[in-house]
Amino acid sequence: MKLRELAAAAPNLIGVCGDVDVEIRSLCADTRRTADLCGSLFFCISGANFDGNKFAKKAAEGGAVALAVEKLLPEVELPQVQVHNIRVAMAYIAAAFYGNPASSLRMFAVTGTKGKTTTTYLAKAVLEKTGLKCGLIGTIGNMIGDEVLKSTLTTPDPLDLHQVLREMVDRGVQAVVMEASAHALDMHRLDGIVFEGVAFTNLSQDHLDYFHTMENYAAAKKKLFSPYYTKNCAFNADDVMTPYMMEGVTLPLVTFGISADCDIYAREIEIGETGVSFRMRLRGGLETRVDLKMTGMFNVYNAMTAAALGMIAGATMEQIRDGLQSVRSVPGRAEMLDTDTPYKVILDYSHAPAALENILGMVREFAKNRVIALFGCGGDRDHEKRPIMGAIGGRMADFCILTSDNARSEDPYAILEMVEEGIRPTGGAYCVIENRREAIRKALTMALPGDVIVLAGKGHETYQEIKGVKRPFDEKKIVTELIEEMKREHTTEE
């Protein structure tokens, strides 16, 4: 594709200098992705900790044939596309390079602090019941039908996003459900895409390391509910931030929750150990019984969010019900592991205060004996939530094991000390075991019949990052290995 064609796609173009007819064979924003550099248009993106302009020469040496910049770089002898905002330009140029695949798809998105991943799985299942071939883009991975593709970000950057959308279109996908993170909206990753419907789940403290205030965090998510991004909206009427999110919205909208004032709501909710049942009703009287294979009140809300998107898509009540009931579990989301033990082990991605409170509250409803919570906090992220999570664990669990999550570049022990600051005043019983594998072993060793162990924070992740180094760490495998080790040790003792 010619540089002039791509430059014309940028809505904030200042001008182009150099050979506008140079052929662009790829797009790249990271000089470490050497395979993408050759023949590329290189985007000089700057972030909080780096200046992309400083990598322009390296990109040229690696085979880039043109640059996209906000400020011209005369020291680099390549054609240059100058724009007012490089991130906005990258979104539109990426869409153009891949043939605007989103325009050929029915696009749906979910935003909120908690529940995005589970909701996208449920919404995908609902849309599939209408006969659509569906794709999914999110934290756990991208999916085409039942095939899982790897992903590294909740919402991919535009270069990866439009590439995967192109692949989906080429493979016959008709509709896509994706997670829309606040970071993605703030960084313009979704610019140029107009969704058929978007849904808001909830808002609670998270990512303040990036947004600094809850007001900034909320404002980033609110962007999604405008004609610039969507044609229809769905809102959780029971969340305290919904009035703010709905303020000024002129688009068609649907509300959901457990309130009688909603367009779609749940009643007669029965929460069990392995699932939750409820009657789903539409304003006007239409209703059906839903038997979810996943438990917890928060999954009722996730189901209602997916149902609301289903309504926007034109699904029938029966299709919505059948779709919701077809999902047995979502990896790392309140996932009950098959341990064949007299106690239960639940894997959950809860790494923010509200999410930890949700999972512990859910488990407390059915636990026959003690609730043992194992958790930590990620490094290089919001420090304020660490003592808050410690307090939640101390208040809601019978015993807490504080351990490392992804400490990243921080000292793991310094993170744990901050978590301890929150748990001490509660008087809750706890211990600190920095090594996460040993911490899991402690939980399994101390568990009694009827106990429920909650392994919180890692969820679907299969690595642990300590001192900036990622090492394999799949908690499902580790739990299995440790239980087998304990069985062998017990046999030896006998």
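The values are calculated or read from the model by the stated rules, or taken from the named source; none is laboratory data. Please read all numbers here as calculations on a predicted model, not as lab measurements. Heads up, the Cβs are rebuilt from the backbone with ideal geometry, glycines too, and the neighbour counts pull from every protein chain shown. Side chains are part of the model used for accessible areas, which takes the heavy atoms of the whole protein and leaves out ligands, DNA and RNA. Shrake-Rupley method; radii C 1.70, N 1.55, O 1.52, S 1.80 Å.
Which fully enclosed strands (runs of 3 or more DSSP E) of the stretch 449-494 have 3 or more residues being on the phi > 0 side of the Ramachandran plot and open to solvent by 20 Å² or more (accessible area, probe 1.4 Å)? Break it down stepwise before answering.
Working: elements: 452-456, 463-466, 469-472.
Fully inside the stretch 449-494 and qualifying: nothing.
Output the residue which, of all residues in the stretch 371-422 that are of a type in the set (S, T, Y) and out of contact with any Pro (no Cβ under 9 Å at 6 or more places or on another chain), is farthest from K344 (Cα to Cα). Explain how you work it out, then say what you get.
To start, the set of residues in the stretch 371-422 that are of a type in the set (S, T, Y) comprises 403-404, 409, 413.
Now restrict to residues that are out of contact with any Pro (no Cβ under 9 Å at 6 or more places or on another chain): 409, 413.
Values: S409: 33, Y413: 28 Å.
Filtering the stretch 371-422 for residues that are of a type in the set (S, T, Y) and out of contact with any Pro (no Cβ under 9 Å at 6 or more places or on another chain), the one farthest from K344 (Cα to Cα) comes out as S409.
Read through the list (1) more than 20 Å from I271 (Cβ to Cβ); (2) open to solvent by less than 10 Å² (accessible area, probe 1.4 Å), then give the number of the only condition that A373 fails.
(1)
Would you point out the residue of the stretch 389-443, among those that are part of a strand (DSSP E or B) and farther than 21 Å from H460 by Cβ, that is nearest to the chain's Cα centre (by Cα)?
Of everything passing the filter in the stretch 389-443, L402 is nearest to the chain's Cα centre (by Cα).
Counting residues that are modelled with pLDDT of 95 or more and surrounded by fewer than 23 Cβ atoms within 10 Å (Cβ to Cβ), which strands (runs of 3 or more DSSP E) fully inside the stretch 129-186 reach at least 1?
The qualifying strands (runs of 3 or more DSSP E) are 175-179.
Cβ-Cβ below 9 Å, separation at least six or inter-chain, first residue in the stretch 270-289 and without any contact (Cβ under 8 Å) to a residue 12 or more places away in the chain, second among the hydroxyl-bearing types (S, T, Y) and in a strand (DSSP E or B): which pairs?
Here the result reads E270/S277, each pair linking the stretch 270-289 to a residue that is among the hydroxyl-bearing types (S, T, Y) and in a strand (DSSP E or B).
If F278 satisfies all but one of (1) buried (at least 20 other Cβ atoms within 10 Å of the Cβ); (2) closer than 30 Å to V452 by Cα; (3) more than 25 Å from the chain's Cα centre (by Cα); (4) modelled with pLDDT under 95, what's the number of the condition it fails?
Just one mismatch for F278, condition (4).
Across the stretch 378-392, what is the total count of residues that are under 17 Å from K114 (Cβ atoms) and at pLDDT 95 or above?
Adding up the residues that qualify gives 3.
Just one of A355, A303, A315 is among the small types (G, A, S), more than 16 Å from T118 (Cα to Cα), in contact (Cβ under 8 Å) with a residue 24 or more places away in the chain and buried (at least 17 other Cβ atoms within 10 Å of the Cβ); which is it? Quick ask: steps written out before the conclusion?
On the way: A355 fails: more than 16 Å from T118 (Cα to Cα); A303 fails: more than 16 Å from T118 (Cα to Cα).
Only one candidate passes the filter, namely A315.
So in the stretch 323-338, with the set limited to residues that are at pLDDT below 95 and not aliphatic (A, V, I, L, M), which one is surrounded by the most Cβ atoms within 10 Å (Cβ to Cβ)?
If we take residues in the stretch 323-338 being at pLDDT below 95 and not aliphatic (A, V, I, L, M), then R333 is surrounded by the most Cβ atoms within 10 Å (Cβ to Cβ).
Would you please name the residue that is most open to solvent (accessible area, probe 1.4 Å), looking only at residues in the stretch 21-54 that are small (G, A, S) and outside any loop (DSSP other than H, G, I, E, B)?
A35
Determine whether V363 is out of contact with any helix residue (DSSP H, G or I) (no Cβ under 8 Å at 6 or more places or on another chain), surrounded by 24 or more Cβ atoms within 10 Å (Cβ to Cβ) and under 12 Å from A456 (Cβ atoms).
yes
Kindly evaluate S409 against the criterion of being closer than 22 Å to H212 by Cα and surrounded by fewer than 21 Cβ atoms within 10 Å (Cβ to Cβ).
Criteria met by S409.
Rundown of residues vs (1) farther than 30 Å from D186 by Cβ; (2) open to solvent by less than 60 Å² (accessible area, probe 1.4 Å); (3) outside any strand (DSSP E or B), yes/no style:
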position	(1), (2), (3)
Y217	no, yes, yes
K221	no, yes, yes
P227	no, no, yes
F256	no, yes, no
A266	yes, yes, no
I269	yes, yes, no
E273	yes, yes, yes
V290	yes, yes, no
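Consider Y349 carefully, then state whether it is crowded, with 19+ Cβ neighbours inside 10 Å, farther than 22 Å from M143 by Cα and either modelled with pLDDT under 95 or among the hydroxyl-bearing types (S, T, Y) (or both).
When the stated conditions are applied, Y349 does not pass them.
Within the stretch 56-79, is even one residue within 21 Å of E167 (Cα to Cα), in a strand (DSSP E or B) and within 30 Å of the chain's Cα centre (by Cα)?
no
Is it the case, given these coordinates, that R386 is under 26 Å from the mean Cα position of the chain (by Cα), under 21 Å from D209 (Cβ atoms) and without any contact (Cβ under 8 Å) to a residue 40 or more places away in the chain?
Values: under 26 Å from the mean Cα position of the chain (by Cα): yes; under 21 Å from D209 (Cβ atoms): yes; without any contact (Cβ under 8 Å) to a residue 40 or more places away in the chain: yes.
Spelling it out, R386 is indeed under 26 Å from the mean Cα position of the chain (by Cα), under 21 Å from D209 (Cβ atoms) and without any contact (Cβ under 8 Å) to a residue 40 or more places away in the chain.
With the checklist (1) under 20 Å from K470 (Cβ atoms); (2) surrounded by fewer than 23 Cβ atoms within 10 Å (Cβ to Cβ); (3) not basic (K, R) in hand, flag the one item T403 doesn't pass.
That leaves (2) as the condition not met.
Tally the residues that are in contact with a Ser or Thr (Cβ under 6 Å, 6 or more places away or on another chain), of a type outside the set (V, I, T) and assigned to a helix (DSSP H, G or I), restricting the search to the stretch 313-366.
5
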